Structures are given as C-alpha cells and as structure tokens.
Amino acid sequence: WVKVKNVSSTDAVVGGWLPGDGGRAGRLGALVIGIPDEQGTLRYAGRVGTGFTQAELARLGGLLEPLATAASPFEGRQPPKLTRFVEPRLVARVDFNERTHAGTLRQPSYKGLRDDVAPEDVRFG
C-alpha cells in the first residue's frame, strides 16, 4: 500500500520570528504566523520552521529586520516568549496537514512569500 498525506495550503500573515539554534544559531529559526478571523483580527496560527533554503532564510532576515516592533500584532493567544515581533506586512504561503482546535496549523511548511496578497486580504483556506 502507499501512504498518502492530505496536505492543504493557506496564506498566513507573518507577525514575528523566532531565533534559530544549532545550524541556524544567530539567525531566523522559524516564522511566527497568524490568520485573521472573520472580523479581521489577527490570531496566532503557529510557527513555520521548515521549507526554507539558506538563501531564503537570509532574504527573510533582511526583510523582517526593518519591520521590528515591540508590540505583538496578535490578539488573544500569544506565540512563544522568545518571539521577535514584526509589523504584519508580509504574507507567506504555507502547506500544512491540519488545523487544530486551538487554530494553529499542524506541520506547517514554508512555500514562499506572496507579494500579490495584502495582509488584510488573507483568509483561511
């Protein structure tokens, strides 16, 4: 038999990042993402730590640095304490296996930035 995983895709707003460790020490380890709810309020949807090339990690680091902010862009449940918040201006395409009851994406994988989608236009699905 052949095992087939059902993979879905969605756009998500980048609201921060987590520092890496090991081979990624000193740079981006994971993107912290959110998805707006029906009222447009940005809700934490998890962290994405796979799917990056070395070149993309460097590019993202350069894009995120000028967007740094002290305030969390997320309402309600918050991401991990080590999160470095950014202004929610970037949109990423993410593959994932399922969405949990808490609203986070299970096993998300980065597929790229969406320059053609504004953060306020992101909806789950």
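Of all residues in the stretch 77-108, those that are of a type outside the set (A, V, I, L, M, F, W, C) and over 15 Å from Phe124 (Cβ atoms) total 11. Number of residues in the stretch 49-74 that are closer than 18 Å to Gly20 by Cβ and assigned to a loop (DSSP other than H, G, I, E, B): the value is 5. Taken together, Gly51, Gly112, Gly103, Gly61 contain a single residue that is buried (at least 16 other Cβ atoms within 10 Å of the Cβ) and under 22 Å from Arg24 (Cα atoms), which is Gly51.
Can you tell me which residue within the stretch 17-48, out of those that are surrounded by fewer than 16 Cβ atoms within 10 Å (Cβ to Cβ) and in a helix (DSSP H, G or I), is modelled with the lowest pLDDT? If we take residues in the stretch 17-48 being surrounded by fewer than 16 Cβ atoms within 10 Å (Cβ to Cβ) and in a helix (DSSP H, G or I), then Gly23 is modelled with the lowest pLDDT. Yes or no: the stretch 64-74 includes at least one residue that is at pLDDT below 95 and either of a type outside the set (Val, Ile, Thr) or touching a His at 6+ places or on another chain (Cβ under 7 Å) (or both). No, the stretch 64-74 contains no residue that is at pLDDT below 95 and either of a type outside the set (Val, Ile, Thr) or touching a His at 6+ places or on another chain (Cβ under 7 Å) (or both). Restricting attention to the stretch 92-125, the residues that are touching a residue at least 60 places away in the same chain (Cβ under 8 Å), aliphatic (A, V, I, L, M) and outside any strand (DSSP E or B) add up to 2. Just one residue in the set Pro88, Pro80 is modelled with pLDDT of 95 or more and closer than 16 Å to Leu31 by Cα; that residue is Pro88. Criterion applied to Gly40, Gly46, Gly34 was being under 28 Å from Thr100 (Cα atoms), in contact (Cβ under 8 Å) with a residue 60 or more places away in the chain, of a type outside the set (Ser, Thr, Tyr) and in contact with a strand residue (DSSP E or B) (Cβ under 6 Å, 6 or more places away or on another chain), and the one residue passing it is Gly46.
Being under 19 Å from Pro19 (Cα atoms) and not hydrophobic (A, V, I, L, M, F, W, C) is the filter here; which residues of the stretch 75-97 pass it? Selection gives Gln78, Pro79, Pro80, Lys81, Thr83, Arg84, Glu87, Pro88. I'd like to know if the stretch 83-91 contains one or more residues that are in contact (Cβ under 8 Å) with a residue 12 or more places away in the chain and in a loop (DSSP other than H, G, I, E, B). The answer is yes; a qualifying residue exists. Between Ala118, Ala102, which is over 19 Å from Pro19 (Cα atoms), at pLDDT below 95 and either within 11 Å of the chain's Cα centre (by Cα) or not charged (D, E, K, R) (or both)? None of the others qualify; the one that does is Ala102. Under the condition of being farther than 22 Å from Thr10 by Cβ, surrounded by fewer than 12 Cβ atoms within 10 Å (Cβ to Cβ) and small (Gly, Ala, Ser), the residues counted in the stretch 64-86 number 2.
The values are calculated or read from the model by the stated rules, or taken from the named source; none is laboratory data. This structure is a prediction, so every number in the text was calculated from the model and none was measured. Because the Cβ atoms are built from the backbone with ideal geometry, glycine has one as well, and the counts that use them run over all protein chains shown.
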